[in-house]
Structures are given as structure tokens and as C-alpha cells.
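The values are calculated or read from the model by the stated rules, or taken from the named source; none is laboratory data. This is a predicted model, so every value here is computed, not measured. We place every Cβ from the backbone using ideal geometry, glycine too, and count neighbours over all the protein chains shown.
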Amino acid sequence: MGETKKTSLKLVVSGLLFPIALILAIDYSMHGFPDLSTDNINPRIANSTLTAFILCSTFLLGNMYFYGESRNRPLAPLFSMIISILVGFGATIFFIKQGEMLLEDNGSVIAQLVYNISHTIVSIFAVLLAFGVAIGILFSTLTHSKSKISETKFYEEE
Amino acid sequence: MILLIVGLVLVLASPWTVPESPSSDLGHLFGFIIGPSILVLFGLYMVAYSGNVPVGRLSSGDKYLGLLFFVIGMVWFSFMHWSDLVPVLDSGEINRFWLIFFPNFLISLSCLCLSAGIAMLVLGDNRSAESKNLFFMSGLTLIFIISAMNIDSSETSSNEFRKYVWLSIADLVGIMLGSVLAIISFSLVIYSYEKSLPKPQSILPPTENELQHSAKIISSNLGDDE
């Protein structure tokens, strides 16, 4: 039973990654690698990783206050903050060591920071809108599908 | 909620209030996409709630109106890519955030629809007919992306769009990595706290009297007059 559930979950996750792999494979086989160097792609990955980490950590930190309160662990948010700062610091050092990659076309760190936040907000909004559409189609289909309880069976039981 | 609405209005007004700031491009983009986004989501809400729902059911006519809204919203989005409806700034350049938003939206939509369709098939009970709509949407979005990567639109060349699709995939990979990293770091703290908690004390099994009392309460709640 557990094995079947694991296989199903793997299928669902592979469904998430399959279109990306397909797009890249089709495009690469038709036109080759686009006019982009790793100097363009790596900063995008590094900046979006760090910005998503910061935004996600801020959200989770808020939840840690409730966790600390419910479990009577008042220091939980403080420890989480220290751990997330250390992980963020480590990740930043790792990305900086790969080369001068955190500044894209922006002139200063502050300009890059503001751009990163705007950029991530746009990306997250796009993902959330897509999520809303996918869930909307799923529910619309379910609410308009035939009921799984057959009426004849219902009357038989009565 | 009021703060959220006021904030959204201020962001939308930023192209007029702070036109010299590059960040006002974000408000410019939201101004362009808010119309089709609301149409698509409201349309799907109308379709979903005109079906078999126990509460808040809409009339069957709303199903067709919702479907119309949804189609208009999606066509509006596609026209924003293929025709002159694309968000162009006063400088004459295409809003750079649009070139981030649109490929991200299309790729995420294709991935999420395919994944939801597979989930319906493998986790649901006899849902193959229902999953077809999701597979159709995923396929349609994929065809759109591949077409846009090969055919020039009025404002964007296919080569440029290809570049932005690759960069969007880099963005999505980064967002996933960052989110997983944050979740792992916070999970570590929770795991260490939970591990240090003392085991809950076991209580004695119920006595015969307690069992009889429980059975009495259950039968009085479940049984009928007979």
C-alpha cells in the first residue's frame, strides 16, 4: 500500500517537471542553446534562490511565534532566526564564491535588492495565478462530473 | 484587508506617482494584467459554483457566462503576447516584468495542470474523464510556449522569447531551491524541539464500567426509537 502511494507521488512530482524538460529538449534540439551564457543564467538562479529564501524565511518566522507559544518554547523564533541567518549567510558566500554573480545589470547592491524583490513578487504572482487557474479547472471539472453515487444503488439500499 | 487594497491601489498608481522610479514598472505590469486575471479567476469561480455544490450554488446559466469570462481572459492574455496589447512603457520598451511574468505563468500553468491531471488519475477513483480537461489545458499551454518560441509576435521576437523562457526556468529553479532551503532550516529547529519533548505518559486502559458507560452514550446517539 505504502509502495503504491510512493509511486503515485513520484508520478505527480514528475508531472510537475515533465513540461519543463520537454520545453528545454524541444528547444535545444531545434535551435540549440539560446543566446545566453552561464553569466546570465547563474545570477538569475542565485538571486531568486536568495530572495525566495528570505521571503519564505520571513513567512515561516511568523509561524514560529505561534509554534513557540503553543509548545511553550519562547526561544523557538530566536533559534530559527539564528539558523536562517546562518544558512542565508552560507548560501550567499557560496554564490559569491562562484564569481561576481549577484549583481545583474544593476549598478548598486540596493538597486539589485529592490529589483530582486520586484522580480520575485512577479514570479510568485505568476505561479499563484497559474495555481489558481489549475485549481479552478480541477474544481470546475469535479463539480460538473457525474455523481459517483448511483441513484439506482441508492434506491436499492432504501 | 483595507491595507492590502490601499497598498495595491498605490502600487497600481506608481507609474503616475513615481514615474522616474524603475520599480514603477511593477505597477505598470499589474495594471495591465489585473483585467484578464480577474476575468479568468472569476470565470472559473462561476463555472465551479454552478455545478454540484452543497452551498452557494449559482444558476446553470452562470456556467456559460463563467466559461465565456474564462475564455475571454485567456484570449486577452494571448493577445497581449501576439498583438499590440503588450505592456509597453512610455520609453517605447516592453515592460521587462512582463517578459518575466508571462513565461513564468505559462510554464507554471502547464506543469500544474499536468500534475493535477496525473494526481486525479492515480489518486482519484475512476476520474479519467475529468482529468482530460487538465491534460488539454496543459497541452494547449505547451503548444503556446513552443509556438511563441518559434514564431515572432508583433513586439517580441521568438529568439528573445526563447531567452526569457530559459531565464524563467532558472527563476523557478531558484524559487524552489530557496523555498526548500528555508523549509529545511525551520524544520530542523522544530525537529530538534519535538525530539527534546518528554514522551507523553501512558494512561491505564478503560475499566469495564467506563466501557459500559461509553457504549450506553454511543448507542443513545446512534440508535433509533426501535
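Any residue at all in the stretch B:82-90 that is at pLDDT below 85 and within 21 Å of A:Ile121 (Cβ to Cβ)? Yes: one or more hits. For A:Thr38, the test of being within 26 Å of B:Arg162 (Cα to Cα), within 7 Å of chain B (Cβ to nearest Cβ) and out of contact with any strand residue (DSSP E or B) (no Cβ under 9 Å at 6 or more places or on another chain) is failed. The set of residues in the stretch B:103-118 that are more than 7 Å from chain A (Cβ to nearest Cβ) and in contact (Cβ under 8 Å) with a residue 60 or more places away in the chain contains only B:Pro103. How many residues does the stretch B:27-60 contain that are within 28 Å of A:Ser118 (Cα to Cα) and exposed (fewer than 12 other Cβ atoms within 10 Å of the Cβ)? Going through the stretch B:27-60 one residue at a time, the tally reaches 0.
Yes or no: A:Ser29 surrounded by 12 or more Cβ atoms within 10 Å (Cβ to Cβ) and either of a type in the set (A, V, I, L, M, F, W, C) or in a helix (DSSP H, G or I) (or both)? Break it down into steps so the answer makes sense when it comes.
Working: surrounded by 12 or more Cβ atoms within 10 Å (Cβ to Cβ): no; either of a type in the set (A, V, I, L, M, F, W, C) or in a helix (DSSP H, G or I) (or both): yes.
Considered against the rule, which asks whether it is surrounded by 12 or more Cβ atoms within 10 Å (Cβ to Cβ) and either of a type in the set (A, V, I, L, M, F, W, C) or in a helix (DSSP H, G or I) (or both), A:Ser29 comes out as no.
For the stretch A:42-158, the helices (runs of 4 or more DSSP H) that sit wholly inside it and include 2 or more residues that are within 17 Å of the chain's Cα centre (by Cα) and at pLDDT 80 or above are A:109-143. Against the criterion of being within 30 Å of A:Asp39 (Cα to Cα) and either facing another protein chain (nearest Cβ under 8 Å) or exposed (fewer than 11 other Cβ atoms within 10 Å of the Cβ) (or both), B:Leu188 does not qualify. Scanning the stretch B:193-206 for residues that are more than 8 Å from chain A (Cβ to nearest Cβ) and either within 19 Å of B:His81 (Cβ to Cβ) or not charged (D, E, K, R) (or both) yields a count of 9. Looking at B:Ile100, B:Ile72, B:Ile107 in this structure, which one is of a type in the set (Val, Ile, Thr), closer than 16 Å to A:Val133 by Cα and within 17 Å of the chain's Cα centre (by Cα)? Answer to the selection: B:Ile107. Looking across the stretch B:119-169, the residues that are in a loop (DSSP other than H, G, I, E, B) and either farther than 30 Å from A:Pro43 by Cβ or in contact (Cβ under 8 Å) with a residue 24 or more places away in the chain (or both) come down to B:Gly124, B:Asp125, B:Asn126, B:Arg127, B:Ser153, B:Ser154, B:Glu155, B:Thr156.
Results for (1) of a type in the set (Gly, Ala, Ser); (2) more than 11 Å from chain A (Cβ to nearest Cβ); (3) surrounded by 22 or more Cβ atoms within 10 Å (Cβ to Cβ), shown as yes or no for each residue.
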residue	(1), (2), (3)
B:Ser91	yes, yes, no
B:Met120	no, no, yes
B:Glu155	no, yes, no
B:Asp171	no, no, yes
B:Gly174	yes, no, yes
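Restricting attention to the stretch B:6-26, the residues being surrounded by fewer than 13 Cβ atoms within 10 Å (Cβ to Cβ) and part of a helix (DSSP H, G or I) number 6.
From B:Glu208, B:Glu155, which residue is touching a His at 6+ places or on another chain (Cβ under 9 Å), farther than 23 Å from A:Asp39 by Cα and not assigned by TED's automatic domain parsing to the domain that holds B:Val86? Give the steps one after another, and end with the answer.
Details: B:Glu208 fails: touching a His at 6+ places or on another chain (Cβ under 9 Å).
Of B:Glu208, B:Glu155, the one residue that is touching a His at 6+ places or on another chain (Cβ under 9 Å), farther than 23 Å from A:Asp39 by Cα and not assigned by TED's automatic domain parsing to the domain that holds B:Val86 is B:Glu155.
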